[in-house]
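In what follows, a structure is listed as C-alpha cells, so that the remarks can point back to it.
Laboratory data are not the source of any read-out in this text; all were calculated from the coordinates shown. Quantities reported herein were computed from a predicted structural model and do not represent experimental measurements. Positions of Cβ are backbone-derived with ideal geometry, glycine not excepted, and every protein chain shown enters the neighbour counts.
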Amino acid sequence: MSTLILARHGETLWHAENRYAGSTDVGLTERGRAQSAALGRWAAGQPLVGVYSSDLSRAVVTATPAANALALPLRVDPRLREVDFGQGEGLTTAEMRYAFPDAVADFQLRPGQSPLPGGESGIDAVDRAWPALEHIGARNDGPVLVVMHSTLMRLVLCRVLGMSLDHYRAAFPAVRNVALTTITLGPAPALHGFNVPVPE
C-alpha cells in the first residue's frame, strides 16, 4: 500500500468570507495560484509516482503544477470532491443560522451524521472517497500526491484513526491551503503527518 500525501487546494475566492464552497466550482485567488505553484516546486523534489485530484477546478488547478513538474499525468477522480453542503453552498455560518437555524445546530453538533438541508452527510462523503483512496494506494508503488478538500480530508482522517466522524472539527480544527497530510491505508491505516506547510 502506497503512502498518500493529501493536500488541500489553494485559496479560493470565497476563502476570505469563510463561505461554504462544497461541491460548488469556486475558482482560486491569485494567492491560491501562487500556492499551487509552490506545491509544484515542492513536488519537483519528491519521489512521487502519481498525482491525483478532485474534479473541482480549485483542486485540478492546484494539482496541475505538481503533475507538470514531475511529467506525470494528472488523474482526476470525482469521488474526491468536497462534501456537498446543499442549501449551505455559498453561505457563511451566520447566514445559514438565519436561513435554517435548527439544521445548522444539528450539523454543528453531529456534522458526520446530520447534513445541511439538501446536502450530503459526512458518512456518505467518506463512503464515496475511501474506495477512491484505497484504489489510488493499491495501484501505485510509491508515494502519491492527492489534492482534495478540507472537510472531506478531516472526515477521512477520522476514518483512518477510527474516530467518530462527528469529531472531525474538534480533532482537526483547520487545514491550511496546500499543507501536506500523510497517511497510509491497508489493514492498519495510519496518520504520519498533518497540516505540514509548503514554503510559498
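Under a 5 Å amide H to amide H cut-off, with H placed in plane at 1.01 Å, what residues pair with Leu6 once short-range neighbours are removed?
Amide H neighbours of Leu6: Val146, Thr181, Thr182, Ile183.
Just to be sure I understand the model, the point goes 7 Å from the Cα along the line to the Cβ. What's the resulting His167 to Ala99 distance in nm?
The answer from the label model is 3.2 nm.
For the stretch 67-76, in order, what is each residue's ³J(HN,Hα) by Karplus, 6.51 cos²θ - 1.76 cosθ + 1.60 with θ = phi - 60°, in whole Hz (x at glycine and Pro)?
Working through the residues one at a time gives 4, 5, 4, 9, 6, 10, x, 8, 9, 9 Hz.
List Ile123, Ile5 from most exposed to least, where exposure is judged by having the fewest other Cβ atoms within 10 Å.
Ile123, Ile5
Of Ser121, Ser53, Ser164, which is the most mobile in a GNM of the chain whose springs link Cα atoms less than 10 angstrom apart?
Of Ser121, Ser53, Ser164, the Gaussian network model singles out Ser164 as fluctuating most.
Which far-off residues, 5 or more places away or on another chain, put their amide H under 5 Å from the one on Asp55, with H placed in the peptide plane?
Asp77, Leu80, Arg81
For the chain, what is the calculated [θ] at 222 nm in deg cm²/dmol (nearest 500), taking -39500 (n - 2.57) for each run of four or more DSSP H residues and dividing by its residue count?
So the calculated ellipticity at 222 nm is -12000 deg cm²/dmol.
Can you find, among Asn140, Val156, Ala170, the residue sitting farthest towards the positive end of the charge dipole of the chain, where Lys and Arg contribute +1 and Asp and Glu -1 at Cβ?
Working it through, the farthest residue towards the positive pole turns out to be Asn140.
Would you mind telling me the antiparallel percentage of the DSSP bridges in the chain, rounded to 5?
So the antiparallel bridges in the chain amount to around 45 percent.
Which far-off residues, 5 or more places away or on another chain, put their amide H under 5 Å from the one on Val26, with H placed in the peptide plane?
Arg58
Quote the charge dipole size of the chain about the Cα centre in Debye, to the nearest 20; the model charges only the Cβ of Lys and Arg (+1) and of Asp and Glu (-1). Working shown, then result.
Numbers: 17 positive and 19 negative charges, 102 e Å.
For this selection, approximately 480 debye.
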